[in-house]
């Protein structure tokens, strides 16, 4: 499709309801709060059956991931199915791109098959917004992770997890630790925590993995793990990729763990009841010790569990207003 | 299975109902008309929810594609699910062929799991018919595209799309343009339009991409785009593949577009209200200009939308009579 | 997860109900009988619609196969869906392993998404048991085939197939023929037939494909096809893989067929009403002649049909007791 068809994106409809979810940046805090409340409605302990509804019966959701992901893809898929929707999984690189078809043509094709919402993941951060700018008025676009730019449902599930344990985000001191520079999780979690009134958000990273100076406005920057997490209520560790260590002048995984790995010993710098979080997949023994990942302060499995509830809430919110 | 088990194929049951859909060739025109009427029943504008029924509740459909295809595979899958059927997707080359198992053994296996219908796509044009000649009496086989031989649901959706816009196929002059020689779409659309009484069907192609002289009986052959589409009611452009250009002595895509690409300018040779069609995926800027593909005469997205409705009608027709 | 979390595995719950199905070895014969009776409840002739129930409505089953398999994967998937469950398919090697994530982390993640049961296939025979030792109390693990160790649902479907034709396993003489050494099918079928009171179970193989001497206690060992199947009620042929022929000093497929292929002529050594079985996929013309595979004594397609019924029974039995 020619770019002349491209419309400016607003995530909200004229009536204030959520149409797309591409980023948490700039989303009114009452919208974020409403999503979290609805997510809470769908959250269940693991000993109880999963929540179900027929809110999206008759709707069709296309999940198009151009990057491999078990967790996020299955989480969206289960969320959609537990709301009664049909789901089609499109492995973008294996199907249409084989024939050189553009993402926009594929999306237009699926839209013509009465697909009501697209969940998109791509290494190119502009893809979800590009698609959102071309779809028909009754169609919604959700980001399932866009480059290093945004991963809004991850930000929401992080906020939900903290809220469940701490009652409130307001007044909390939160450290996000690791490869901030390349992390969509860091960006979206920052937006969620900021919208909900966190007292202090720290980004803690080796100098080479810090974001550009204009980014993460209002966050405190710290370049050592111990000082970074000192007195924090929440310690969120990020996945580090080997190829990124070089940029931070760190020669190998053992050295990274020695300087940046979260151990029981180091965790003592944070508050005694600090929560430990990780978006997964984890490199055990690299950014986090197994004893911490599986320890009493870890809420990592709560994050996964909340992921389905958050995606149910987001799918419901965006699709409920979509059709006459 | 030994070939002694092979039975002669007729697509119709003794009572005149449709059992298999392998080709539109030779299908009585009242069967084609009945399928189009039922497709119309399932077609919905995109602003309305997709049509649904429980006509195939309790049935199981296996979709086995040995060639990559987002559009056709998803279209069949959504059609089956919107009729209440269970669908299993079998990626033929990734699963059984890895172990050297024959297609017939795979089909026999799935049949034994109470699969009621097989939707098959293969580069080998004989596969759907081969399978149809071996399955049990209550099982149906649908072609999802067989080599360059047949793509019957595509022919039906093309006919449905023209009928919706023009009221009738009778009396229309239709041009099919491009790589006719290797195109299953051209063959099946020709059969559909011919069965429904088109006044003239033209095949328009460079000499090297024309079919053998015995084929496309009754069609007019033309070897230039302008004369080919002159005064036509319908212009159906086909996808051209780079490796086929050589056969037509065309050195590259730019040269193809210069001689054979449908532009706004060239489209003026057709009737002012001529429909522009394309089976997709499109090579924009090769066989068709983006301005035409997305322009006011294009019904390309209607074709996709009608694809689901046609496949619902075909699945319903073939399976409704299958079991006692 | 650290190994300190690993719990000893028992397949039965305290109340005697089945929680996991990892192996038939040691399973009380009344549990095996109960599963076969319930399987019989779900078995249907192919001319009748497949059995359905909503026994598992609201439950989620993850099917994680690290080896390619159309038959077993689809059989479990259809079994789960025909009981009303949601199914997620995880291609282990294509998703999480790409990021180097451990199987246990993937399982923990899915468990946190309210997955109620895992169906696992892996070349590593310890994987299902490893997973079973880590999941929460309400979660079940089913083996879909573990290395050369166990394939319990295959053993059950073999027993069900024989019981349907012979009325009873007691008093029967059964020959399992071929690559016993590397066969999980041979092991699980042996356990099923032994639990149900077969009079004699023979393992028939070239010396190089015989299991270690301590294994298959109580079975008769024979090293020629003719003497091996003489007077048998059941002849179960196993798939032979080319790379294993070398171990048996057999140079090629033709030589294997000459010595070990089941032909009509050779089958006469067994009882006149002997059943011919094969777990599939078959190498026609290697371990079995097509005339025998498709002949009147073959129950190979019954085995596949029974596979879905057995998996319905096993899923229902394990999941019915799982949640309060």
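Table for the structure above
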quantity: Qualifying residue in segment C:128-144 (condition: within 22 Å of the chain's Cα centre (by Cα), over 20 Å from residue C:319 (Cβ atoms), part of a loop (DSSP other than H, G, I, E, B) and at pLDDT below 95); calculated: no
quantity: Some residue of segment C:311-322 being within 9 Å of another protein chain (Cβ to nearest Cβ) and out of contact with any strand residue (DSSP E or B) (no Cβ under 6 Å at 6 or more places or on another chain); calculated: no
quantity: Residues of segment B:250-294 satisfying the condition of being within 14 Å of chain A (Cβ to nearest Cβ) and closer than 16 Å to residue B:179 by Cβ; calculated: B:253, B:277, B:278, B:279, B:280, B:281, B:282, B:283, B:286, B:287, B:288
quantity: Matching residues in segment B:42-90 - criterion: being over 19 Å from residue B:302 (Cα atoms), more than 7 Å from chain A (Cβ to nearest Cβ) and assigned to a loop (DSSP other than H, G, I, E, B); calculated: B:53, B:54, B:55, B:56, B:57, B:58, B:59, B:66, B:67, B:83, B:84, B:85
quantity: Evaluation of residue C:61 against (1) farther than 22 Å from residue B:115 by Cα; (2) at pLDDT 95 or above (one fails), failing number; calculated: (1)
quantity: Flag for residue B:244 being in contact (Cβ under 8 Å) with a residue 12 or more places away in the chain, under 17 Å from residue B:282 (Cα atoms) and over 17 Å from the mean Cα position of the chain (by Cα); calculated: yes
quantity: Residue within segment A:135-146 that is surrounded by fewer than 19 Cβ atoms within 10 Å (Cβ to Cβ) and in contact with a strand residue (DSSP E or B) (Cβ under 8 Å, 6 or more places away or on another chain) present; calculated: no
quantity: Matching entry among C:292, C:310 (being crowded, with 21+ Cβ neighbours inside 10 Å and free of Cβ contacts under 8 Å to residues at least 40 places away in the same chain); calculated: C:292
quantity: Number of the condition not met by residue C:50 [criteria: (1) modelled with pLDDT of 95 or more; (2) farther than 12 Å from residue C:119 by Cβ; (3) under 16 Å from the mean Cα position of the chain (by Cα)]; calculated: (3)
quantity: Some residue of segment B:169-183 being under 17 Å from residue B:32 (Cα atoms) and within 19 Å of the chain's Cα centre (by Cα); calculated: yes
quantity: Subset of segment A:23-34 (residues that are over 14 Å from the mean Cα position of the chain (by Cα) and either part of a helix (DSSP H, G or I) or outside the structural domain of residue A:82 (by TED's automatic domain parsing) (or both)); calculated: A:29, A:30, A:31, A:33, A:34
quantity: Condition check for residue C:175: over 26 Å from residue A:80 (Cα atoms) and in contact (Cβ under 8 Å) with a residue 60 or more places away in the chain; calculated: yes
quantity: Members of segment A:91-121 found to be within 9 Å of another protein chain (Cβ to nearest Cβ), modelled with pLDDT of 90 or more, out of contact with any helix residue (DSSP H, G or I) (no Cβ under 6 Å at 6 or more places or on another chain) and outside any loop (DSSP other than H, G, I, E, B), listed by number; calculated: A:108, A:110, A:111
quantity: Residue among A:135, A:141 that alone is more than 30 Å from residue A:299 (Cβ to Cβ) and in the same structural domain as residue A:312 (by TED's automatic domain parsing); calculated: A:135
quantity: Test result for residue B:273, more than 23 Å from the chain's Cα centre (by Cα), on the phi > 0 side of the Ramachandran plot and in a loop (DSSP other than H, G, I, E, B); calculated: no
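The values are calculated or read from the model by the stated rules, or taken from the named source; none is laboratory data. The shown structure was predicted, so the numbers you read here are calculated from the model rather than taken from an experiment. Neighbour counts are summed over all protein chains in view; Cβ atoms, including those assigned to glycine, are modelled from backbone coordinates with ideal geometry.
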